[in-house]
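Shown next, in structure tokens, is the structure this report addresses.
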Amino acid sequence: LDFDNRVILNVGGIRHEAYKATLKKIPATRLSRLTEALANYDPVLNEYFFDRHPGVFAQILNYYRTGKLHYPTDVCGPLFEEELEFWGLDANQVEPCCWMTYTTHRDTQETLQIL
């Protein structure tokens with residue numbers, strides 16, 4: 001098998017496996033710059049550990065695989081934005097089918113600031 005070209009990502013206790021080439025699809029992001037010299041790499045387990053939201057990460061990894069970023073409806077907007085920022089992704093890449101749901105929280109936050 002092709003073990004040298006795969007990487008294991010442990011995000012919040014959930015293990016994900018992907019090809020290194022998949023993670024290079026979106027340059028200048030945290031996942032595109034993984035090296036074994038990073039502090040979060042565990043040579044014993046041969047995996048990278050990130051103490052982040054595993055549910056949101058599933059959508060983020062899917063974005064690398066498909067080129068389409070979907071908004072998970074089971075998390076609030078600010079949490080999703082926080083995760084995108086951590087992984088180095090642009091919120092403006094959210095797919096049109098999810099855009100209205102995603103931007104609703106922004107409008108609500110702006111309204112609350114005015115009040």
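The values are calculated or read from the model by the stated rules, or taken from the named source; none is laboratory data. Everything numeric in this text was worked out from a predicted model, so none of it was measured. Cβ coordinates were reconstructed from backbone atoms using ideal geometry, including for glycine residues, and neighbour counts include every protein chain displayed.
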Residue hits (region 72-98; over 24 Å from Lys24 (Cβ atoms) and touching a residue at least 24 places away in the same chain (Cβ under 8 Å)) are Thr73, Cys76, Gly77, Pro78, Leu79, Cys97, Cys98
Given (1) polar (S, T, N, Q); (2) closer than 29 Å to Arg106 by Cβ; (3) in contact with a Leu (Cβ under 8 Å, 6 or more places away or on another chain), where does Thr66 come up short, assuming only one miss? (3)
Test: residue in region 102-112 that is acidic (Asp, Glu), surrounded by 14 or more Cβ atoms within 10 Å (Cβ to Cβ) and either within 24 Å of Phe50 (Cα to Cα) or out of contact with any Ser or Thr (no Cβ under 8 Å at 6 or more places or on another chain) (or both): no
Quick check on my filter: what residues within region 34-71 are of a type in the set (A, V, I, L, M, F, W, C) and either touching a residue at least 60 places away in the same chain (Cβ under 8 Å) or within 14 Å of Thr101 (Cβ to Cβ) (or both)? Leu69
Tally up the residues in region 15-41 that are surrounded by 13 or more Cβ atoms within 10 Å (Cβ to Cβ) and in a strand (DSSP E or B), please. 4
Is at least one residue of region 30-50 of a type outside the set (S, T, N, Q) and in contact with a Cys (Cβ under 9 Å, 6 or more places away or on another chain)? no
Please specify each residue of region 81-101 satisfying the condition of being in a helix (DSSP H, G or I), of a type outside the set (Asp, Glu) and surrounded by 14 or more Cβ atoms within 10 Å (Cβ to Cβ). Leu84, Phe86, Trp87, Ala91, Cys98, Thr101
So for region 64-80 (the condition being surrounded by 15 or more Cβ atoms within 10 Å (Cβ to Cβ), hydroxyl-bearing (Ser, Thr, Tyr) and part of a helix (DSSP H, G or I)), does at least one residue qualify? yes
Gly67 passes all but one of (1) in contact with a Ser or Thr (Cβ under 8 Å, 6 or more places away or on another chain); (2) at pLDDT 95 or above; which number fails? (1)
